[in-house]
1. Of (1) surrounded by fewer than 19 Cβ atoms within 10 Å (Cβ to Cβ); (2) within 18 Å of Ala135 (Cα to Cα); (3) not acidic (Asp, Glu), Ile99 satisfies all except one. Which?
2. In the range 90-144, what count of residues is obtained for those that are farther than 29 Å from Lys176 by Cβ, out of contact with any helix residue (DSSP H, G or I) (no Cβ under 7 Å at 6 or more places or on another chain) and among the small types (Gly, Ala, Ser)?
3. Looking at Lys201 and the list (1) touching a Leu at 6+ places or on another chain (Cβ under 8 Å); (2) part of a helix (DSSP H, G or I), which single condition is not satisfied?
4. Which condition does Thr235 not pass, out of (1) among the hydroxyl-bearing types (Ser, Thr, Tyr); (2) crowded, with 21+ Cβ neighbours inside 10 Å; (3) more than 30 Å from Ala150 (Cβ to Cβ), if it passes all the others?
5. Hand me the list of helices (runs of 4 or more DSSP H) wholly inside the range 91-177 holding 1 or more residues that are under 28 Å from Gly71 (Cα atoms), free of Cβ contacts under 8 Å to residues at least 60 places away in the same chain and aliphatic (A, V, I, L, M).
6. If Gln259 satisfies every condition in (1) surrounded by fewer than 19 Cβ atoms within 10 Å (Cβ to Cβ); (2) touching a Leu at 6+ places or on another chain (Cβ under 8 Å) but one, which is the exception?
7. Sort through Gly67, Gly71 and tell me the only one that's more than 15 Å from the chain's Cα centre (by Cα), surrounded by fewer than 24 Cβ atoms within 10 Å (Cβ to Cβ), in a helix (DSSP H, G or I) and small (Gly, Ala, Ser).
Amino acid sequence: MKIKNRFNLLTILTLLLFAFMVSGCASLDDARKLNNEGKKEEALDKAAEFLSSDDPKERIEAINLIGKIGGNRAGGLIVPRLQDEDRKVQIAAIKNVGILKHVPASEELVSMSLNATGETLEELGKAIRNIGDPAINLLIDKYASSVTNANDKEVYKKLIIFVGPAVTTKISSLLKGKSYFENKSTFDILVALRNPNVAKKLVPELANDEIAHMVIEALTKLGSLAVDAVIDDLTEKQQKGNPVVIERLVKTLGNLKAQRGVHILEKLTKHNSERVRAAATFSLSQIRGF
């Protein structure tokens, strides 16, 4: 009799749990239905009810649904879940505030990085990239002001690399007025990005007398990834460009030992600027080895 009672109790509990799960799913389905009907505000309200669910999977489902619904309120609804106790829920929240380009989350995303590792740090970088300049500028300002805290600086450095080439223009501005030693960490970031877009954004900085020599070094370290950007800019400027900038491009091409640059360098050995002619001749010798 006791066994039968226990069996009945277990059956009842199982049915109640199933009913609870079905009820939850149905409610989220209601939110989806409202969204499909174009009733976005009502859909957001319905989905938001599950952001504090005891089940992490429901919280994640609700976050993803709110991210899909979108709208002005969506990002703000998700932000509190950035501090969720469950790492997977936290990552879902990070992804979706990024997808929604929720600018007000920028400060919290950057601050979270100081205690983040692995996938979480990578997702923070992606979210900051999606939000764009407001978040990127904030991150780089934090990086620049962390000169007295090596640990924070290293974390921000890793996060900047996860953000990717979108940081190039802002990060390059940090080179101005600093010694090579002070700029070493920034150079490391630019080279670590390992993307042709970095070179495209760096090349225009060769016109800046203050940091040109540093830019040449960074482009050189980028290696083959910088060749196209340098040749393209040199092709455009070879006739009417500033001779000083042309000379810097020519030197960079020589440092890169780019065989594809031989043809344009040969033309520049007849340039009307003596400095350009000399630089072209020297770069050709670097490439040819004699």
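The values are calculated or read from the model by the stated rules, or taken from the named source; none is laboratory data. What you see is a predicted model, and the numbers here were worked out from it, not measured in a lab. So basically every Cβ, Gly included, is an ideal-geometry build from the backbone, and we count neighbours across all protein chains shown.
1. (1)
2. Here the count works out to 1.
3. Here Lys201 clears every test but (1).
4. With (1) among the hydroxyl-bearing types (Ser, Thr, Tyr); (2) crowded, with 21+ Cβ neighbours inside 10 Å; (3) more than 30 Å from Ala150 (Cβ to Cβ) applied to Thr235, the lone miss is (2).
5. Numbers: elements: 106-112, 118-131, 133-144, 150-163, 168-172.
Result: 106-112, 118-131, 133-144, 150-163.
6. So Gln259 meets the others, but not (2).
7. Residue meeting the stated conditions: Gly67.
Residue-wise test of (1) of a type in the set (A, V, I, L, M); (2) modelled with pLDDT of 90 or more; (3) under 18 Å from Ile140 (Cβ atoms).
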| site | (1), (2), (3) |
| --- | --- |
| Asn183 | no, no, yes |
| Thr186 | no, no, yes |
| Leu206 | yes, yes, no |
| Met214 | yes, no, yes |
